[in-house]
1. Could you let me know the centre-to-centre spacing of the stretch 465-497 and the stretch 204-232, using Cα atoms, in angstrom?
2. I want to check the label-to-label distance for Arg416 and Glu586. Put each point 7 Å from Cα in the C-beta direction and report it in nm to one decimal.
3. Taking the mean number of other Cβ atoms within 10 Å as a proxy for protection, how do you rank 664-677, 456-469 from highest to lowest?
4. Which residue, Val666, Val105, Pro217, has the largest displacement toward the positive end of the dipole of the chain when charges sit on each Cβ (Lys, Arg +1; Asp, Glu -1)?
5. Count charges around Pro539 for me, please; just the other residues with Cβ under 10 Å from its Cβ, Lys/Arg as +1, Asp/Glu as -1.
6. Give the shape of the stretch 209-293 as rounded, prolate or oblate, defined through the alpha-carbon gyration tensor: a ≥ b ≥ c are the square roots of its eigenvalues, a/c under 1.5 means rounded, and otherwise the shape is prolate if a/b is larger than b/c and oblate if not.
7. Quick one: Karplus J couplings for the stretch 65-70, per residue in order, coefficients 6.51, -1.76, 1.60, θ = phi - 60°, nearest Hz, x for Gly and Pro?
8. Apply 1/(1 + (r/R0)^6) to the Cβ-Cβ distance of Lys224 and Glu454, taking R0 = 56 Å, and write down the FRET efficiency to the nearest 0.05.
Amino acid sequence: MPPPTATQQFKIQGLDCAEEVAVLKREVGPLVGEARLAFDILNARMIVTAGPGEVAGETIINAVARTGMRAELWREDQVGDKGLGWWARRGRTLLTAASGAAALVSVAFHVAAGWGDHPGVAAQAGYVAAILAGLWLVLPKAWIALKRLRPDMNLLMVVAVAGAVVIGEWAEAATVAFLFALSLELEAWSVGRVRRAVTALLDLAPPTARVVADGQPDREVSVKEVAVGAVLVVRPGERIPLDGKVSKGNGHVNQAPITGESVPAPKEPGDDVFAGTVNGEGVLEVAVTRAANDTTLARIIRMVGESQSRRAASERWVDGFAAIYTPAVMALAVAVALVPPFVFAGGWWEWVYRALVLLVIACPCALVISTPVSIVAALTAAARNGVLVKGGMFIELPATLKAVAVDKTGTLTEGRPVVVEVVPLNGHDEGELLERAAGLEARSEHPLARAVIEYAASKGVAVTTAEDLRAVPGKGAVGRWQGREFWLGSPRYLAERGQETDDVLGRVAAMTAAGRSVVVVGNEKHVCGLIALADAVRPAARDAIRDLKELGVVRVVMLTGDNEATARAVGKEAGVDDVRAGLLPEEKVAAVEALVAEFGSVAMVGDGVNDAPALARASLGIAMGAAGTDAAIETADVALMSDDLGKLPWLIRHSRRTMSVIRQNVAFSLAVKAVFVILTFAGYSSLWAAIAADTGASLVVIFNGLRLLGRTRELREGEVSTKQTY
């Protein structure tokens, strides 16, 4: 295998939790540099980033093998459980079951022999089998920890079991081995459940697509073979195989897997559709815009995997605490075993036994898994709800936000003009005014023209192109209608024609002051009417901003490059606290920096290329994922896949709930240990009770963390919900 020249990725069989990550760092880190290692626990993947002094892949694979795990070069078809062999998926479960069965049978033989100090050959053989099965996957990791003089919970358990065997407590040694294996199995199961949830995302997109070709029958081909620009046909009830734009057909598409929207979205020619979403009642023809490995769904899966390497502060705290805690506990256990017999003439076996109990109850298993299980479950739940969070560190930040900066166009607003007011004048009615305006705009591709035509159609006005239609560059258009000449243009064109009146000028000034664009329609005698257009505020924007304030966000600021009048009008309608208009990209960055200096924890929400620098500078960058540019989405820490600002308050509540669960888990784990440490010193605990308590604690924190995976419905503070979306 030749030395690599770029980032290397490996599938690691046996990588299920943070403890395995620590073991791999200790063994592989010295070879490549620990800073170059990243881990994706969900997909059991280890990433070695490119750097000086490259190490051959075979050398890395051999280093992984020394830990008791197995590595192979990563393939793209190995996302989730895919690519794992039978032993990797079932081996731990089989060994745990064998350990439990052997321990149970041995206890039966032991009881039959009178439950004395000597269990008998059959029972003793069974206990040995139970111990070996329970510790089979632990022993290599314990050996690595011993060689490197960096004790961890694997070494701690092996020492406890070995000590119990030495003092003749065979039944308790086997029980400890089995229950420790069971706690690790529960941890692997919890990560596996989340891993299967991510794999389910991958399975949303069908493996084949039906390609349409002129004059030829439809061909069903692999999505990997479909080129950008190809046209696909999607029948009712089918999943859309690739991202694209509707080129023909109308209908509704269920976009919940991507955006979290509960209501199917209407689609017509020109609208975007996503791979993995479900077509409704109509037949759609879709022009492909992204290759299979670059669809929105593929990027979501990739980003969820990559997010595991961006660890939360609480995870880093727990790991740091455990790194000090475990060797300290081993030192304390040695002191408990030696000091009382030497200093106070205590019984050797009694105090050695208490030291072993202390080792078992002090095992940081529940504490170590309390945070990562919660973080991974929270990340997956957010992705299911249309909120893509790119790492554990970013699932914690929303809980502390004090200020939010939002871009205007495409974030607070829809990002396209719509007709908001029609004012007929001089005896004309609305229908007649719209008919003339749409006829004059019929051949224009200008956004204002398309908005007028769409509005006229929505009002049931038949759009007929005016006769002798000619454009007036930069000003408007002129045409004939039923033998009379009509014109359409901006207020500046009105001034050029000299047809302004005080009434018309007053109305135009009022509309302009409200941040609206004005289209004037007239004929050779007078002004027929005014049409006001504006970039409409998103329906959810006002409610979202109100919710943010209720959640304790002190200030919501709108940052925009638009003019002051338009910005003020939008800001007032949306309910923001402050409006800063006419900003260049670097001025947006300066505004965000000022907010960070004042409030500390600040989010920036945007969708355009010009927002990317401000997104990067904020404490938390949030991109509007569906309409946002690639630059904004890649720069941001969070992407709202439905372009729904209402997801931002949801994210804050979800973050606070996640932090609450983490605090509960850490507090519970430490409390259980404290209680049993006291009982151990008082002589009221035993090995089996200690490990049972630790396994029970692991079970409690796992299921408490997995509650985050089950609840994806938006919760208001204090609201209790029983609805589950999955």
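1. About 46 Å separates the Cα centre of the stretch 465-497 from the one of the stretch 204-232.
2. Computed distance between label sites Arg416 and Glu586 equals 3.5 nm.
3. Ranking the peptides 664-677, 456-469 by packing returns 664-677, 456-469.
4. Val105
5. -1
6. Details: a/c = 1.87, a/b = 1.44, b/c = 1.30.
Prolate is the answer for the stretch 209-293, as a/c is 1.5 or above and a/b outweighs b/c.
7. 4, 5, 8, x, 9, 10
8. Calculated value: 0.90.
Where a number appears in this text, it was derived from the coordinates with a stated rule and is not lab data. This one's a predicted model, so the numbers in the text were calculated from it and none came from an experiment. We place every Cβ from the backbone using ideal geometry, glycine too, and count neighbours over all the protein chains shown.
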